[in-house]
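Notes follow once the structure below has been shown.
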Amino acid sequence: MIGIASDHGGFALKAELIKHLEDKGYELKDYGCFSEESCDYPDFAHKVTDAVLSGECDKGILLCGTGIGMSITANKVKGIRAALCGDCFSAEATRLHNDTNVLCLGARVTGPELAFKIADIFLGTEFSGDERHLRRIAKIEG
Ligand code: RB5
């Protein structure tokens, strides 16, 4: 299960991305927001980080206008490693190297087609498991 959430800035892209990923066979749980009415991105980021930490979701996707507010919020939660990605190389590298469990996207920065590709790569790439990357991740987690 993939948990997904946005604020109003990411709402429209979230709807398109849900459809894209469901068409690819992924199961998604939408944690809001549910309209373009102005809202606070941390409220929705925390719903997804909670779901990832509890095991309800394997990974999370968070969208806001820039992706920055969502990534700042998610990365303050212990056990969450969130990557704000605007390119395909980073989406692959962050799964291989950082074993990130949350993808952040900026809906006012990244167009739908690129966002779809980034999400496909992020969800389709396994962590390398290399010892050096495990050591570095352990240092993040403290
Ligand atoms: C909302 O206007 C905007 O600040 C938000 O979507 C996001 O870009 C914050 O980082």
What residue, of THR125, THR110, THR94, THR100, is modelled with pLDDT of 95 or more and within 16 Å of the ligand (Cβ to nearest atom)?
THR110
Looking at the range 1-24, which of its residues are under 11 Å from ALA115 (Cβ atoms) and of a type outside the set (A, V, I, L, M)?
GLY10, LYS14, GLU16, HIS20
Taking GLU22 and the conditions (1) within 17 Å of PHE122 (Cβ to Cβ); (2) more than 10 Å from the ligand (Cβ to nearest atom); (3) of a type outside the set (Lys, Arg); (4) buried (at least 16 other Cβ atoms within 10 Å of the Cβ), which numbered condition does it fall short on, given that it satisfies the others?
(4)
Taking the condition of being assigned to a helix (DSSP H, G or I), without any contact (Cβ under 8 Å) to a residue 40 or more places away in the chain and within 21 Å of GLU141 (Cα to Cα), how many residues in the range 69-89 meet it?
5
May I ask you to verify whether LEU134 is assigned to a helix (DSSP H, G or I), open to solvent by 60 Å² or more (accessible area, probe 1.4 Å) and either at pLDDT 95 or above or more than 19 Å from ASP58 (Cβ to Cβ) (or both)?
yes
Going residue by residue through the range 98-106, is there one that turns out to be over 13 Å from the mean Cα position of the chain (by Cα) and under 23 Å from LYS47 (Cβ atoms)?
yes
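The values are calculated or read from the model by the stated rules, or taken from the named source; none is laboratory data. These numbers were taken from a predicted model, which means no experiment stands behind them. Positions of Cβ are generated from backbone atoms using ideal geometry, with glycine treated the same way; all protein chains shown enter the neighbour counts. Heavy atoms of the whole protein, side chains included, go into the accessibility calculation; ligands, DNA and RNA do not. Shrake-Rupley method; radii C 1.70, N 1.55, O 1.52, S 1.80 Å.
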